[in-house]
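What follows is a short report on a single structure.
The values are calculated or read from the model by the stated rules, or taken from the named source; none is laboratory data. What you are looking at is a predicted structure, and each value in this text was computed from that prediction instead of being measured. Cβ sites come from the backbone with ideal geometry, for glycine too, and all protein chains shown count toward neighbours.
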Amino acid sequence: MKIQKSILFISLVILGQIGCASVMVTNWAPEESNFKSKPVRVFLGYATEEETFKSSGEIIVRDANDLTIKRAYDFLSLNPTALKAPISIHSNSQFLEYKGVSYRGSVLLKPIEGKVYIINLVPIEEYLLSVVPSEVSASWPKEALKAQAICARTYVVREMLNRKKQEFDVDTSTNTQVYKGKNKEHRNTTEAVFETEGLILIHKGQPIQSFFHSNAGGYTEDPINVWGSPVEYLKPVPSEYDKDGEQYSWEEKWKPDFVNTNLQYLGVGEIQDIIVSSRFPSSRVNEMEIIGTSGSKKIKATEFRKKLGATKLKSTRFGIRKEESGDYFIKGLGSGHGVGMSQWGSFAMAKSQFNHREILQHYFKGIEFARIVAR
């Protein structure tokens, strides 16, 4: 969904401090007057017939009209599948525990078409306290942590704007951003979030698609080659610092059975060989030819990676050959889709004394820094 034109871009510009360098920071606010205080809706999963919530204090259950309908101490057990209307669960302590994970904010149980959604409602900045250390190591240099915090904040703000009519904004996985609740929080990443409070990246007055990935393998990718659509500020750039990070280079060996099982949907019979047909300028594979006993087919490398699995094919920047044994040997560079900021590149740049502003401006071209303000 495209961000509505009604987003207000306030042109007031102030001189702010980011890290050790000054940078122009624009105040930014969407049309919604309460957006700054609006919680992130994090999908935790679907409810089963028995769910338990724990807290170190009183647990309060409220109905859709915010009226208290139940109180409990220490723990609450209920059958959400019997719900006919939404309820929210709160605690007078700071956290609610669900399935061994402590969460800030409250939890919404919302019945929709036979399923009950379990959604954590948490303020943006508190959400980031978990996301940043869930995405990268809290032991990383401060400037890399700040860059990650700004990327993550920008990402979730854009999702909140785009998904207003959906049931939730993000989930807890790599499909959106990794989120592991209070359990994952760390002092170092908490400081990075606090020190960049409210800062996002914008382009032409709108929050950008602040994509990031583990390691670009030396060069980032154009999103048109991954998802089919160009993005002005996401042009491929060298990411030479990647070589100092983990997952820069890797090797895999696949057995014929593994390949045949995962590619049988192509209908080409038993796989005889796999050939790289074409590459993009970044050297990532564009198209593969799968040769079988009943014919051959060409597929996109992104589809090939999806079918074989991201843990078995860490990126599409790879080479492949069939050995005499019949096994396939794969050697590649990088990990992830390759679009936007390389997290390990950010790590190495920070170790080389680049600040987070310089890191972000390297990976995202023509962007501005903005601070979320109340309208």
### Query
Which number in (1) over 31 Å from the mean Cα position of the chain (by Cα); (2) surrounded by 15 or more Cβ atoms within 10 Å (Cβ to Cβ) marks the one condition that residue 325 misses?
(2)
### Residue match in segment 248-267 (condition: under 30 Å from residue 349 (Cα atoms) and part of a loop (DSSP other than H, G, I, E, B))
yes
### Task
Among residues belonging to segment 92-127 that are among the basic types (Lys, Arg) and under 13 Å from residue 45 (Cβ atoms), point out the one that is surrounded by the most Cβ atoms within 10 Å (Cβ to Cβ).
110
## Note on the structure
Checking 330, 320 in turn, the sole residue that is in contact with a Gly (Cβ under 8 Å, 6 or more places away or on another chain), assigned to a strand (DSSP E or B) and β-branched (Val, Ile, Thr) turns out to be 330
### Task
Look at residue 272 and say whether it is closer than 30 Å to residue 136 by Cβ and surrounded by 14 or more Cβ atoms within 10 Å (Cβ to Cβ).
no
### Task
Could you tell me whether segment 102-110 includes any residue that is farther than 16 Å from residue 61 by Cβ, in contact (Cβ under 8 Å) with a residue 40 or more places away in the chain, in contact with a Ser or Thr (Cβ under 7 Å, 6 or more places away or on another chain) and among the hydrophobic types (A, V, I, L, M, F, W, C)?
no
### Task
Would you point out which residue out of 228, 245 is at pLDDT below 95, crowded, with 20+ Cβ neighbours inside 10 Å and more than 25 Å from residue 106 (Cα to Cα)?
245
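Take residue 235 and decide whether it is assigned to a loop (DSSP other than H, G, I, E, B), basic (Lys, Arg), touching a residue at least 40 places away in the same chain (Cβ under 8 Å) and farther than 27 Å from residue 100 by Cα.
Yes; evaluated as a whole, the condition is true for this residue.
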### Task
Scan segment 29-63 residue by residue and report those that are acidic (Asp, Glu) and either closer than 15 Å to residue 100 by Cβ or not assigned by TED's automatic domain parsing to the domain that holds residue 182 (or both).
49, 50, 51, 58, 63
### Message
Anything in segment 1-60 that is among the basic types (Lys, Arg) and at pLDDT 50 or above? List them, or say none.
### Response
36, 38, 41, 54
### Message
Restricting to segment 94-141, name every residue that is in contact with a Gly (Cβ under 6 Å, 6 or more places away or on another chain) and among the aliphatic types (A, V, I, L, M).
### Response
101, 118, 121, 122
### Task
Give segment 333-361 a look and list any residue that's more than 30 Å from residue 257 (Cα to Cα), in a loop (DSSP other than H, G, I, E, B) and touching a strand residue (DSSP E or B) at 6+ places or on another chain (Cβ under 9 Å), or say none.
339, 340, 355
### Query
Across segment 221-232, which residue is farthest from residue 139 (Cα to Cα) among those that are touching a residue at least 12 places away in the same chain (Cβ under 8 Å) and not in a loop (DSSP other than H, G, I, E, B)?
225
#### Entry: Selection within segment 52-73 - surrounded by 11 or more Cβ atoms within 10 Å (Cβ to Cβ), of a type in the set (D, E, K, R) and more than 20 Å from residue 115 (Cβ to Cβ)
54, 58, 62, 70, 71
### Task
Only residues that are touching a helix residue (DSSP H, G or I) at 6+ places or on another chain (Cβ under 6 Å) and part of a strand (DSSP E or B): list them for segment 36-79, please.
40, 51
## Note on the structure
Every listed condition ((1) crowded, with 18+ Cβ neighbours inside 10 Å; (2) in contact with a helix residue (DSSP H, G or I) (Cβ under 9 Å, 6 or more places away or on another chain); (3) not in a helix (DSSP H, G or I); (4) not β-branched (Val, Ile, Thr)) holds for residue 297 save (1)
